[in-house]
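The values are calculated or read from the model by the stated rules, or taken from the named source; none is laboratory data. Keep in mind the model is a prediction, meaning the values are calculated, not measured. Because the Cβ atoms are built from the backbone with ideal geometry, glycine has one as well, and the counts that use them run over all protein chains shown.
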Amino acid sequence: MLPVVSPVVFAERVTKWYGPRRAVADVSFAIAPGEIVGLLGPNGSGKSTIFRMLTGYLVPTSGRIEVAGHDVVEDSLGVRRAISYVPEDAPLYDHMRVGEFLNFMAGIKGLHGPKTRAAVEEVAERLDLARVMKLTTGKLSRGFRQRVSIAQALLGDPKVLVLDEPTSGLDPHQVIAVRDLIQSLAGRHTVLLASHILPEIEKIASRVMILLDGVLLTSDALKDAAQDLTLRLSAEATEDAVRGATKAVAGVREVTADPDNAGRFLVKAERRPPLAADLVSALVAAQIPVRELTELRPDLERVFLDLTRQPKAAA
Ligand SMILES: Nc1ncnc2c1ncn2[C@@H]1O[C@H](COP(=O)(O)OP(=O)(O)OP(=O)(O)O)[C@@H](O)[C@H]1O
């Protein structure tokens, strides 16, 4: 029998309305202790709203959220002790030295006396901050600013750490350092991070949840989208000619031209075995020479791009 692990974050049918605007719709998920989970969604899809509800700063309009066994509405104090949130571009009080800032934040989190010193020393060591402790936070590089933001979030040893776009604005070296750092936190902490960039989130998270217009895509929706086949076609013809020649092929859903490569097209179609052969026959019958026809790997990025693409206005 599989061991039963209680989720550390649990959301059940959560909806949030801002006046007449529904920002989050009937969202349910569970996160096990020690996981690193990515929340992926375009701007405005509701990521921050979910995070604010998880951290007890916003009350769901309906539904239930528990963090480390505490209900976000009935026990928001318990929730705030269990979860820490690092917003994008968190304010760091730029005139303070890093050490002072961490001491100050420890006080806000209710740590006092010798406990403060021990906690600040521990996070400074975990995040390798020794050489910047005496610098004012305003003088730090973006990479170190992010480390200090995460360090303050770890004061008090929260079970859950929520990071909003943690690598945004960092240079490639800093991105790798912050990515490694987040991975080193898993296990002791559960990490939930948001991003609108899939390749980034895929590198850090062990699992990705996708949010679109406040709705969390089910794994079935993702599976269905991945069932579709995308073929890259290289042919000497115009987009209209390719579209005209292939429209009668069963299963073809859409033909789009690659705007950067003349003679290159993407064909989206239902996945069925003789499709490639049918396509070639149809193109040849229309006297369109086919140079190449390749199936693209159904990776999560393509699925995400397909699902999040704005529907084209009818011509
Ligand atoms: N306080 C508010 N009042 C009214 N509408 C809001 C409020 N906060 C957010 N919204 C709306 O709710 C929707 C979700 O916003 P939210 O900030 O949660 O999305 P997001 O995915 O975090 O986006 P971003 O990455 O741009 O921060 C958006 O349409 C937004 O305009």
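Tell me yes or no: at least one residue of the stretch 69-81 is in the same structural domain as Val24 (by TED's automatic domain parsing) and touching a residue at least 60 places away in the same chain (Cβ under 8 Å). Within the stretch 69-81, one or more residues are in the same structural domain as Val24 (by TED's automatic domain parsing) and touching a residue at least 60 places away in the same chain (Cβ under 8 Å). Considering (1) over 30 Å from Ala30 (Cβ atoms); (2) touching a Ser or Thr at 6+ places or on another chain (Cβ under 8 Å), the lone condition that Asp128 does not fulfil carries the number (2). Determine, yes or no, whether Gly156 is among the small types (Gly, Ala, Ser), loosely packed, with under 14 Cβ neighbours inside 10 Å and over 19 Å from the mean Cα position of the chain (by Cα). When the stated conditions are applied, Gly156 does not pass them. For the stretch 15-23, the criterion of a residue being closer than 20 Å to Pro166 by Cβ, assigned to a loop (DSSP other than H, G, I, E, B) and free of Cβ contacts under 8 Å to residues at least 60 places away in the same chain is satisfied by no position. Restricting attention to the stretch 160-175, the residues that are over 20 Å from Arg80 (Cβ atoms) and over 11 Å from the mean Cα position of the chain (by Cα) add up to 9. Set side by side, the residues Tyr93, Tyr85, Tyr57 differ, and just one is assigned to a loop (DSSP other than H, G, I, E, B), over 17 Å from Pro7 (Cα atoms), within 16 Å of the ligand (Cβ to nearest atom) and among the hydroxyl-bearing types (Ser, Thr, Tyr), which is Tyr57.
The residues on offer are Val178, Val162, Val148, and the sole one that is at pLDDT 90 or above and out of contact with any strand residue (DSSP E or B) (no Cβ under 8 Å at 6 or more places or on another chain) is Val148. Among the residues of the stretch 207-218, is any among the small types (Gly, Ala, Ser), more than 16 Å from Pro87 (Cα to Cα) and surrounded by fewer than 20 Cβ atoms within 10 Å (Cβ to Cβ)? No, the stretch 207-218 contains no residue that is among the small types (Gly, Ala, Ser), more than 16 Å from Pro87 (Cα to Cα) and surrounded by fewer than 20 Cβ atoms within 10 Å (Cβ to Cβ). May I ask you to list the residues in the stretch 39-62 that are under 13 Å from Ile210 (Cα atoms), touching a helix residue (DSSP H, G or I) at 6+ places or on another chain (Cβ under 8 Å) and surrounded by fewer than 22 Cβ atoms within 10 Å (Cβ to Cβ)? Listed by number, the list holds a single entry, Pro42.
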